[in-house]
1. Is it fair to say B:Gly109 is modelled with pLDDT of 95 or more, in contact with a strand residue (DSSP E or B) (Cβ under 9 Å, 6 or more places away or on another chain), outside the structural domain of B:Pro141 (by TED's automatic domain parsing) and surrounded by fewer than 18 Cβ atoms within 10 Å (Cβ to Cβ)?
2. Is it true that B:Glu194 is surrounded by fewer than 19 Cβ atoms within 10 Å (Cβ to Cβ), touching a residue at least 40 places away in the same chain (Cβ under 8 Å), in a helix (DSSP H, G or I) and in the same structural domain as B:Thr306 (by TED's automatic domain parsing)?
3. Pairs needed: first member in the range B:54-71, modelled with pLDDT of 95 or more; second member anywhere, open to solvent by less than 20 Å² (accessible area, probe 1.4 Å) and part of a loop (DSSP other than H, G, I, E, B); C-beta distance under 8 Å; at least 6 residues apart or different chains.
4. Among the residues of the range B:152-169, which ones are more than 15 Å from B:Gln310 (Cα to Cα) and either within 11 Å of chain A (Cβ to nearest Cβ) or touching a strand residue (DSSP E or B) at 6+ places or on another chain (Cβ under 6 Å) (or both)?
5. Condition test on B:Leu259, is it closer than 30 Å to B:Asp387 by Cβ and either assigned by TED's automatic domain parsing to the domain that holds B:Val346 or in contact (Cβ under 8 Å) with a residue 40 or more places away in the chain (or both)?
6. Among (1) at the interface with chain A (Cβ under 7 Å from one of its Cβ atoms); (2) open to solvent by 10 Å² or more (accessible area, probe 1.4 Å); (3) at positive phi, there is one condition B:Gly140 misses while meeting the rest; what is its number?
7. For the list (1) open to solvent by 30 Å² or more (accessible area, probe 1.4 Å); (2) within 14 Å of another protein chain (Cβ to nearest Cβ); (3) within 30 Å of A:Asp110 (Cβ to Cβ), I need the number of the one condition that B:Met148 fails.
8. Can you tell me which residue among B:Arg243, B:Arg229 is charged (D, E, K, R) and outside the structural domain of B:Pro80 (by TED's automatic domain parsing)?
Amino acid sequence: MPESRDDDLYKPRREGLENGVIRLTRCARCKVVEWYPLARCVHCRNEAWEWFDIDPRGRVHSWCRVVRPTVPIDGLEAPYVLALIEVEEAEGARIVALAEDPTQTPMVGDAVRLTTQSVAGAAQPHFVLAPAGS
Amino acid sequence: MVRAVVAGVGESHPVRASGRRVTSHLFAAIDAALEDAGISATDVDGVITEAKLTPTALSIDDLVPALGIQNLRFQALSSPVGAGIMLAVAQAHEAVTSGRATHVLTYFGVDWGSFGSGPSGIHGAMDAKREVEYPVGFGGPQLYFATMATRYAADFGLSRPELEDLLGGVAVAARRNALRHEHAQLRRDLSLDEYRAEEFFAEPLRRSDISLLSDGAVAILVSAEGAVRPERRGVEIAAWAHRVQSIPDQAFYTQSRDLPAFPATTAVADEIERTLGASVASAGVLELYDCFSVATVVQLEALGVTKPGQTAALVADGALEIGGERPTNTHGGLLAHGYLLGASHVAEAVRQLRHDAAGTQVEGVDSAFVGAGPGRQYTGLYLRRTDA
């Protein structure tokens with residue numbers, strides 16, 4: 001995975017999303033996950049971050065249903081459901097994701113699978129509720 | 001050590017859209033504060049203001065010659081937005097008590113009611129938010145506090161109707177208090193039934209859970225006790241504290257592992273109690289940064305006024321209203337008085353302690369806690385009458 005460049009830090013994330021994977025940053029030296037990336041790794045003082053692909057399983061930390069959008073997004077019709085998905089394998093980092101099914105009412109703690117879907121012409125994180133027991 | 005007093009308060013009262021630029025509101029507020037204190041601009045020898053919005057609205061460099069300040073001895077920028085407005089007042093207190101300055105002016109204003117993008121503009125300028133959050137429609141504080149409210153209800157086992165009653169109770173109290181304040185922006189009563197009938201903006205938040213947008217300004221002058229007339233020596237900052245959680249601003253609302261708790265707010269309450277020997281809960285009125293109704297709830301708990309998850313009982317009793325057992329945001333707060341990011345909270349607290357509040361007086365009050373963040377950073381001021 002290429003190291004991030006200051007001028008376009010989030011490019012590897014966008015490339016991952018287009019290929020169906022969600023990427024977060026970790027310290028290029030000590031590998032501690034830091035999302036969003038800090039100015040410097042607090043553990044080893046390294047200033048370079050690398051991107052890694054996450055396991056797409058997580059849990060709902062919390063969610064909301066947006067009826068009146070605060071930012072206009074082409075083709076995203078309200079109401080839609082947004083959640084913060086906690087990814088245990090990524091040291092509890094949280095992914096902001098749209099519900100694939102906007103009519104669903106998630107519950108805090110629900111198991112979900114992260115996916116990617118196009119929003120306004122670019123792939124973005126989504127989630128679907130995982131079947132019970134998965 | 002010199003004793004410092006809050007000698008002057010000036011306001012350009014909040015309105016939805018004045019069509020006037022922020023500088024016009026700021027000069028009106030500053031002139032009023034100096035007049036209130038009975039001093040002239042040439043007496044001012046210190047200026048401290050909030051660090052993020054004010055430097056572009058009216059920098060200290062531009063303010064000093066415009067006021068004709070001739071002997072500036074002390075200047076500083078505090079920290080960003082709400083907590084920074086409070087911190088500027090606290091630092092003014094330090095500058096005066098240390099003898100570095102005699103009259104320190106602090107000021108803050110916005111014209112978001114008429115111009116600009118408001119708080120969403122600030123948050124959208126942070127790179128992670130622009131890259132990660134906005135493209136999926138997760139834009140701005142309203143959605144942070146909506147998700148926080150949902151998590152709060154889940155953590156403490158509140159059903160949806162119980163959460164609705166809790167948030168609605170806070171919103172109703174703010175509106176009832178504002179109704180009595182002659183300069184509040186939103187003076188229209190709200191019943192719990194009317195609240196419940198409002199449509200969601202971002203479930204579980206409705207319009208009345210969300211801060212207003214305003215134009216307006218506040219200036220607060222902190223002076224050496226001996227340098228002002230006796231009737232302006234009545235209110236002092238008995239204690240203050242500031243804390244910052246070690247997490248970037250842009251990451252706090254999605255990534256803080258402590259959410260929906262606010263460790264910086266709790267740390268401020270602990271330090272106030274340690275330095276003052278009295279708790280935040282001992283204050284006669286509370287003026288808390290209520291950008292959303294749920295922010296009042298989590299602050300009451302983080303400050304130790306109510307126990308975690310137990311605020312609903314207090315709110316249901318109407319305790320937050322003037323005349324209630326725990327008068328809070330007596331001017332109506334950001335929800336109903338106006339969105340000056342906490343600056344009006346300070347002004348209201350000082351007027352309460354002067355026993356000169358504009359229709360909202362809590363009888364016999366002699367101490368007030370004013371707090372703002374709430375989030376990554378928090379500042380608390382414990383104000384007291386000097387005769388208390």
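The values are calculated or read from the model by the stated rules, or taken from the named source; none is laboratory data. Note that the coordinates shown come from a computational prediction; the quantities given were computed from them, not determined experimentally. Please note: Cβ atoms are built from the backbone with ideal geometry, for glycine as well, and neighbour counts cover all protein chains shown. Side chains included, ligands, DNA and RNA excluded: accessible areas come from the protein's heavy atoms. Shrake-Rupley method; radii C 1.70, N 1.55, O 1.52, S 1.80 Å.
1. Numbers: modelled with pLDDT of 95 or more: yes; in contact with a strand residue (DSSP E or B) (Cβ under 9 Å, 6 or more places away or on another chain): yes; outside the structural domain of B:Pro141 (by TED's automatic domain parsing): yes; surrounded by fewer than 18 Cβ atoms within 10 Å (Cβ to Cβ): no.
No: the conditions fail for B:Gly109.
2. Working: surrounded by fewer than 19 Cβ atoms within 10 Å (Cβ to Cβ): yes; touching a residue at least 40 places away in the same chain (Cβ under 8 Å): no; in a helix (DSSP H, G or I): yes; in the same structural domain as B:Thr306 (by TED's automatic domain parsing): yes.
Spelling it out, it is not the case that B:Glu194 is surrounded by fewer than 19 Cβ atoms within 10 Å (Cβ to Cβ), touching a residue at least 40 places away in the same chain (Cβ under 8 Å), in a helix (DSSP H, G or I) and in the same structural domain as B:Thr306 (by TED's automatic domain parsing).
3. B:Leu63/B:Ile69; B:Leu67/B:Val44; B:Ile69/B:Val44; B:Ile69/B:Asp45; B:Asn71/B:Asp45
4. Kept after step one, since they are more than 15 Å from B:Gln310 (Cα to Cα), are these residues of the range B:152-169: B:160-161, B:168.
Selection gives B:Arg160 alone.
5. Details: closer than 30 Å to B:Asp387 by Cβ: no; either assigned by TED's automatic domain parsing to the domain that holds B:Val346 or in contact (Cβ under 8 Å) with a residue 40 or more places away in the chain (or both): yes.
Taking the combined requirement at face value, the residue does not satisfy it.
6. (2)
7. Among (1) open to solvent by 30 Å² or more (accessible area, probe 1.4 Å); (2) within 14 Å of another protein chain (Cβ to nearest Cβ); (3) within 30 Å of A:Asp110 (Cβ to Cβ), the lone unmet condition for B:Met148 is (1).
8. Working: B:Arg229 fails: outside the structural domain of B:Pro80 (by TED's automatic domain parsing).
The conditions single out B:Arg243.
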